[in-house]
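Everything below concerns the one structure shown next.
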Amino acid sequence: MKKGLFITFEGADGSGKTTQLNKIKTFLDEKGYETVVTREPGALDFGKKIREILLHYDKNLSDKAEMFLFLADRAQHIEGLIKPSLEQGKIVLCDRHTDSTIAYQGYGRGQDINLLTLLNDIAVNNLKPDLTLLYDVSVETAQKRVGDEKDRMEASGIEFHKKVRNGYIQLQKDNSERIKLIDANNDIETVYENTKNIIMDLINKRLGV
Ligand code: TYD
């Protein structure tokens, strides 16, 4: 039985979501909540090997192989860490999850969205996030923040990243109850205030203060 809260952080490479996740963790820890910080791909030993291939494999990785690797990492992550942590009543803060697959492999690479949704459902075994924060930033700003040292995914080109951004925006429209849009073009403190307000709203409703 799930007792904790599952919150995912989504957005472009360079959207600043990881910075926000870490700030919120510190805030929630100070308030006495038990948190678990994790990420996809590569939270567990198994996933670290997959992550190495996904981000640094220098030969041609097919789009389908890429898709299955992200999903394999997710299936193991759900069973090995997310589900048990939620059963212990913890707040799980996860850097990227199912929406990344729809945005990157679906809208970005052009894989079938319905198929990806089904595969995501199989990977997570019906365990869905309670809340998803989508950090939306212009592609130009995101690219500047990432800099010149790009991994395999980041090096996929500006057109790819535009499709990913539009995909995320569509996903938010289709799931507006779960996914909350945050303007990540703003400065870190403004983005943090927005993040904190949305998360505390959920905590007050679901766990009590
Ligand atoms: P990472 O270094 O974790 O990037 P970030 O700090 O931006 O989260 O790299 C993860 C990369 O993998 C990122 O480019 C997004 C991509 N990705 C997918 O394409 N599909 C997925 O399902 C996931 C989880 C990530």
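Each reported figure results from applying straightforward, stated rules to the coordinates on display, with no laboratory input. Note that the structure is predicted; figures quoted are calculated from it, not measured. Virtual Cβ from ideal backbone geometry, glycine too; neighbours counted across all protein chains shown.
Scan the range 87-114 residue by residue and report those that are touching a residue at least 24 places away in the same chain (Cβ under 8 Å) and more than 17 Å from the chain's Cα centre (by Cα). First the steps, then the outcome.
Filtering the range 87-114 down to residues touching a residue at least 24 places away in the same chain (Cβ under 8 Å) leaves 87-111.
Answer for the range 87-114, where residues must be touching a residue at least 24 places away in the same chain (Cβ under 8 Å) and more than 17 Å from the chain's Cα centre (by Cα): Glu87, Gln88, Gly89, Lys90, Arg109, Gly110, Gln111.
Are any of the residues in the range 90-97 away from the ligand (no atom under 14 Å from the Cβ) and of a type outside the set (A, V, I, L, M)?
So the first thing to find is which residues in the range 90-97 are away from the ligand (no atom under 14 Å from the Cβ), and the list is 90-92.
Okay, now just the ones that are also of a type outside the set (A, V, I, L, M), so 90.
Yes, there is a match, as at least one residue in the range 90-97 is away from the ligand (no atom under 14 Å from the Cβ) and of a type outside the set (A, V, I, L, M).
So which residues in the range 90-117 are small (Gly, Ala, Ser) and in contact with a strand residue (DSSP E or B) (Cβ under 9 Å, 6 or more places away or on another chain), if there are any at all? Steps first, answer last, please.
Looking only at the range 90-117, we keep the residues that are small (Gly, Ala, Ser), and these are 100, 103, 106, 108, 110.
Result: Ser100, Ala103.
Taking the options Lys3, Lys23, name whichever one is more than 13 Å from the ligand (Cβ to nearest atom), in contact (Cβ under 8 Å) with a residue 40 or more places away in the chain and more than 17 Å from the chain's Cα centre (by Cα). Step through it out loud before you land on a result.
Values: Lys23 fails: more than 17 Å from the chain's Cα centre (by Cα).
Answer to the check: Lys3.
Which residue out of Phe46, Phe27, Phe68 is touching a helix residue (DSSP H, G or I) at 6+ places or on another chain (Cβ under 6 Å) and aromatic (Phe, Trp, Tyr)?
None of the other options fit; the residue is Phe46.
So which of Ser62, Ser15, Ser85 is of a type in the set (Ser, Thr, Tyr) and more than 22 Å from Thr132 (Cα to Cα)? Write out each step before concluding.
Values: Ser15 fails: more than 22 Å from Thr132 (Cα to Cα); Ser85 fails: more than 22 Å from Thr132 (Cα to Cα).
That would be Ser62, the only listed residue that is of a type in the set (Ser, Thr, Tyr) and more than 22 Å from Thr132 (Cα to Cα).
Output the qualifying pairs, or none if there are none: Cβ atoms under 7 angstrom, residues six or more apart or on different chains, first residue in the range 134-147 and polar (S, T, N, Q), second residue surrounded by 14 or more Cβ atoms within 10 Å (Cβ to Cβ) and not in a helix (DSSP H, G or I).
Ser138/Asn185; Thr141/Asn185; Gln143/Gly14
For the range 26-53, what are the residues that are within 21 Å of Ile198 (Cβ to Cβ), among the charged types (D, E, K, R) and more than 10 Å from the ligand (Cβ to nearest atom)?
Asp29, Glu30, Lys31, Glu34
Given the condition within 12 Å of the ligand (Cβ to nearest atom), buried (at least 20 other Cβ atoms within 10 Å of the Cβ) and touching a residue at least 24 places away in the same chain (Cβ under 8 Å), answer yes or no: does some residue in the range 56-65 qualify?
Here is the first cut: in the range 56-65, the residues within 12 Å of the ligand (Cβ to nearest atom) are 56, 61, 63.
Among the residues that remain, those that are also buried (at least 20 other Cβ atoms within 10 Å of the Cβ) are: none.
No, the range 56-65 contains no residue that is within 12 Å of the ligand (Cβ to nearest atom), buried (at least 20 other Cβ atoms within 10 Å of the Cβ) and touching a residue at least 24 places away in the same chain (Cβ under 8 Å).
Starting from residues that are touching a strand residue (DSSP E or B) at 6+ places or on another chain (Cβ under 6 Å) and within 13 Å of the ligand (Cβ to nearest atom), keep the ones in the range 6-15 and report whichever is farthest from Arg96 (Cα to Cα). Spell out the reasoning first.
Going residue by residue through the range 6-15, those that are touching a strand residue (DSSP E or B) at 6+ places or on another chain (Cβ under 6 Å) are 6-11, 15.
Filter once more, keeping what is within 13 Å of the ligand (Cβ to nearest atom): 8-11, 15.
Working: Thr8: 6, Phe9: 5, Glu10: 5, Gly11: 8, Ser15: 12 Å.
Within the range 6-15, the match that is farthest from Arg96 (Cα to Cα) is Ser15.
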